[in-house]
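What follows is a set of notes on a single structure, which appears directly below.
The values are calculated or read from the model by the stated rules, or taken from the named source; none is laboratory data. For clarity, every value in this text was computed on a predicted model and none was experimentally measured. Cβ sites come from the backbone with ideal geometry, for glycine too, and all protein chains shown count toward neighbours.
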Amino acid sequence: MSIVSASDILNKATKGGYAVGAFNITSIMQMQAVIEAAAGLKAPVIIQTSESPAKMIGPEVIAAAYRELASRAGIPVVLHLDHSTDVDFCKRCIDAGYTNIMIDASSHPYDDNVRITKEVVDYAREKGGVTVEGELGTVSGVEDQVIVAENDSVLCDPDLGISFSKATGIDLLAPAIGTAHGVYKTENPKIDVARMRAIRTKADEAGMELPLVIHGGTGLSEGIVKRLIAAGGSKYNVSTELKYAWIDGAAAFTAQKPLVYNPNKLMQSQMDASAAVVIKWIKILGSEGKGGSNA
Ligand code: 13P
């Protein structure tokens, strides 16, 4: 039960009224820190890589490390490719052993988004055991190579969200609801919780087991996160906060111990900082204890 596709754990989370943390990592050591932190809380977890780190490390290397770390973890662990705009790279990650793929064709006109997304879904089906996330509307901010200005962001129309999911056959939908990648510029960003609820209701009415993804997790308040989960979101993405933890963890170490040239100790401080982020979010998302063998 360690290597799983996203649908396996997210349909359970949707029914159970909690969300699973999906954490963007940029190194193998950070992957280890995230998996160990989740295992300590017996929480299911999703490891995500954006395109740049995945291309830099290599999806085959990432997937091999994932298989080894997940098989010892004793909790369900998903390996997800995040916001890929490159269909060939999605296919390479499927071949390498990723268990969930996000093809982000949301910047294209609707019909092209359907066509591109469906190509990845068809490939995943052919291989088997791999689920696919698609996006409708656009999430503002910066996530790797995907850059959307706030004025250009478009929210997801609930009916179109359902038609898009049916036309493409995606397993998970990322609907744009006003969240943003990166650090929020205001203390109270306008998040459309009602839109999330409307999409969940329409999916349920259509008899679709369609987990809904909350992008832009860094910086949202606990209150709004809980409302989004109650409205039907079950995958919660955190990226920026983990990048800060990794870099600030190193900066704090070198500031406190300027003469300690020990890479293991340096990396341990980065891993500890990353683990603290993961533990905080798992507790907020309500997934603690949901990944044990009896959960
Ligand atoms: P943040 O960078 O705001 O945490 O967003 C993460 C995300 O949605 C990745 O897809």
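Restricting the first member to the range 175-189 and to residues that are under 28 Å from Asp159 (Cβ atoms), and the second to residues that are of a type in the set (D, E, K, R) and surrounded by 16 or more Cβ atoms within 10 Å (Cβ to Cβ), the beta-carbon pairs closer than 6 Å and six or more apart or on different chains are Ile177/Asp192; Ile177/Arg195; Gly178/Asp192; His181/Glu143.
Select from the range 229-270 the residues that are assigned to a helix (DSSP H, G or I) and closer than 23 Å to Lys290 by Cα and list them in ascending order. Answer for the range 229-270, where residues must be assigned to a helix (DSSP H, G or I) and closer than 23 Å to Lys290 by Cα: Ile229, Ala230, Leu242. Reported count of residues in the range 132-153, each being free of Cβ contacts under 8 Å to residues at least 12 places away in the same chain and away from the ligand (no atom under 13 Å from the Cβ), is 2.
Yes or no, residue by residue, for (1) surrounded by fewer than 17 Cβ atoms within 10 Å (Cβ to Cβ); (2) not polar (S, T, N, Q):
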{"residue": "Ser84", "(1), (2)": "no, no"}
{"residue": "Phe89", "(1), (2)": "no, yes"}
{"residue": "Gly97", "(1), (2)": "no, yes"}
{"residue": "Pro109", "(1), (2)": "yes, yes"}
{"residue": "Val120", "(1), (2)": "no, yes"}
{"residue": "Gly129", "(1), (2)": "yes, yes"}
{"residue": "Thr138", "(1), (2)": "no, no"}
{"residue": "Ile147", "(1), (2)": "yes, yes"}
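In the set (1) more than 16 Å from the ligand (Cβ to nearest atom); (2) at pLDDT below 95; (3) farther than 17 Å from Ser107 by Cα, Lys226 fails one condition alone, (2). State the number of residues belonging to the range 101-120 that are assigned to a helix (DSSP H, G or I) and of a type outside the set (Lys, Arg). The total comes to 9. Just one of the listed residues (Tyr98, Tyr123) is closer than 29 Å to Ser2 by Cβ, among the aromatic types (Phe, Trp, Tyr) and assigned to a loop (DSSP other than H, G, I, E, B), and it is Tyr98. Taking the numbered list (1) in contact with a Pro (Cβ under 9 Å, 6 or more places away or on another chain); (2) within 15 Å of the ligand (Cβ to nearest atom) in turn, Val238 passes all entries but (1).
Within the range 85-102, residues that are within 16 Å of Gln145 (Cα to Cα) and within 16 Å of the ligand (Cβ to nearest atom) have Cβ atoms under 6 Å from residues that are among the acidic types (Asp, Glu) and at pLDDT 95 or above in these pairs: Thr85/Asp104; Met102/Asp82; Met102/Glu133, counting only partners at least 6 apart in sequence or on another chain.
Per-residue answers, yes or no, for (1) within 14 Å of the chain's Cα centre (by Cα); (2) within 16 Å of the ligand (Cβ to nearest atom); (3) on the phi < 0 side of the Ramachandran plot; (4) surrounded by fewer than 14 Cβ atoms within 10 Å (Cβ to Cβ):
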{"site": "Leu173", "(1), (2), (3), (4)": "yes, yes, yes, no"}
{"site": "Ala180", "(1), (2), (3), (4)": "yes, yes, yes, no"}
{"site": "Pro189", "(1), (2), (3), (4)": "no, yes, yes, no"}
{"site": "Ala194", "(1), (2), (3), (4)": "no, no, yes, yes"}
{"site": "Ala198", "(1), (2), (3), (4)": "no, no, yes, no"}
{"site": "Lys202", "(1), (2), (3), (4)": "no, no, yes, no"}
{"site": "Gly207", "(1), (2), (3), (4)": "no, no, no, yes"}
{"site": "Val213", "(1), (2), (3), (4)": "yes, yes, yes, no"}
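Looking only at the range 50-78, residues that are small (Gly, Ala, Ser) and assigned to a loop (DSSP other than H, G, I, E, B) come to 3 in all.
Looking for something out of contact with any strand residue (DSSP E or B) (no Cβ under 8 Å at 6 or more places or on another chain), within 24 Å of Val61 (Cα to Cα) and away from the ligand (no atom under 16 Å from the Cβ) - is there at least one such residue anywhere in the range 11-26? The answer is no, given that none of the residues of the range 11-26 is out of contact with any strand residue (DSSP E or B) (no Cβ under 8 Å at 6 or more places or on another chain), within 24 Å of Val61 (Cα to Cα) and away from the ligand (no atom under 16 Å from the Cβ). Selection of the range 264-294 for residues being among the basic types (Lys, Arg), more than 20 Å from Ala6 (Cβ to Cβ) and surrounded by 15 or more Cβ atoms within 10 Å (Cβ to Cβ) yields only Lys280.
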